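Below you'll find the structure, written out as structure tokens, and then a few comments.
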Amino acid sequence: MTSKLYLLMNKPCGVVCSAVSDSHKTIYELLPKDLQYLVQNAKRGERLHTVGRLDCDTTGLILLTNDGDFSHYLTDPKNKIEKTYKVTLEFPVSQDAQKEQVLLFQNGLLLPAQKKSPEQMSAPARLVFNSPTQAFVTVTEGKFHEVRRLFLAVNNRVQSLTRLSFGPYTLHPDLSPGQYIEDETIFV
């Protein structure tokens, strides 16, 4: 039996969270060969995998583990695990509109349909503006492109998106894109 492994990585832009991709570098290619082995060759239930996903253009904290129970707990919507993102917006938002959008996010928004996901309501989200074009968003779901769709619902576009935290785990400030640390103290 393989021991439990918990990695916290700073995912760079342009990298996908898939085991295989014809068009992009995968997150697993950033790992040393001995850990890449755990992606494809470990027994079922012991394979290294990402806890949730970040799309190709989203950067920041991604967790990798071979602990299925840990992964399931963090991604099960009923557990309402908070994920916080730093967002840079295409269009500046006035102070009055910021107040309005904070309330809209708190009440949940109708997310526009996108490729893999129909039009649907979001759960309440927390929005805090740092400037007219920068905000922090905290969500508890993992809907397809959820943060991007929240801003589309208020007629704006996300220019850059970085996950800062996932539950109690935070992006380590000294981790460069593509670097990771192993955390043996993780348990749920």
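With respect to the numbered conditions (1) modelled with pLDDT of 95 or more; (2) open to solvent by 50 Å² or more (accessible area, probe 1.4 Å), which one is the sole condition not fulfilled by Q40?
Of (1) modelled with pLDDT of 95 or more; (2) open to solvent by 50 Å² or more (accessible area, probe 1.4 Å), only one is false for Q40: (1).
Can you say whether L110 is surrounded by fewer than 17 Cβ atoms within 10 Å (Cβ to Cβ) and not basic (K, R), as far as the supplied structure shows?
Criteria met by L110.
Does at least one position in region 17-35 carry a residue that is in contact with a strand residue (DSSP E or B) (Cβ under 6 Å, 6 or more places away or on another chain) and either of a type in the set (A, V, I, L, M, F, W, C) or farther than 18 Å from P177 by Cα (or both)?
Yes, there is a match, as at least one residue in region 17-35 is in contact with a strand residue (DSSP E or B) (Cβ under 6 Å, 6 or more places away or on another chain) and either of a type in the set (A, V, I, L, M, F, W, C) or farther than 18 Å from P177 by Cα (or both).
Just name the residue that is nearest to Y85 (Cα to Cα) out of those in region 113-142 that are surrounded by 20 or more Cβ atoms within 10 Å (Cβ to Cβ) and among the β-branched types (V, I, T).
V137
Identify all residues within region 143-164 that are within 27 Å of Y73 (Cβ to Cβ), at pLDDT 95 or above and open to solvent by 20 Å² or more (accessible area, probe 1.4 Å); write none if there are none.
Answer for region 143-164, where residues must be within 27 Å of Y73 (Cβ to Cβ), at pLDDT 95 or above and open to solvent by 20 Å² or more (accessible area, probe 1.4 Å): R148, T162, L164.
Looking only at region 1-25, filter to residues that are within 18 Å of the chain's Cα centre (by Cα) and among the aliphatic types (A, V, I, L, M); which one of those is farthest from T170 (Cα to Cα)?
Restricting to residues being within 18 Å of the chain's Cα centre (by Cα) and among the aliphatic types (A, V, I, L, M), the top hit is A19.
Look at G45 and say whether it is at positive phi and touching a Cys at 6+ places or on another chain (Cβ under 8 Å).
Answer is no for this residue.
Go through the residues of region 62-72 one by one and say whether even a single one is open to solvent by 50 Å² or more (accessible area, probe 1.4 Å) and either in contact with a strand residue (DSSP E or B) (Cβ under 8 Å, 6 or more places away or on another chain) or over 22 Å from F144 (Cβ atoms) (or both).
Yes, that holds for at least one residue.
The values are calculated or read from the model by the stated rules, or taken from the named source; none is laboratory data. Because the structure is a prediction, the values reported are computed rather than measured. In this analysis, Cβ positions are derived from the backbone assuming ideal geometry, glycine residues included, and neighbour counts consider all displayed protein chains. We work out accessible area using only protein heavy atoms, side chains counted, and drop any ligands, DNA or RNA first. Shrake-Rupley method; radii C 1.70, N 1.55, O 1.52, S 1.80 Å.
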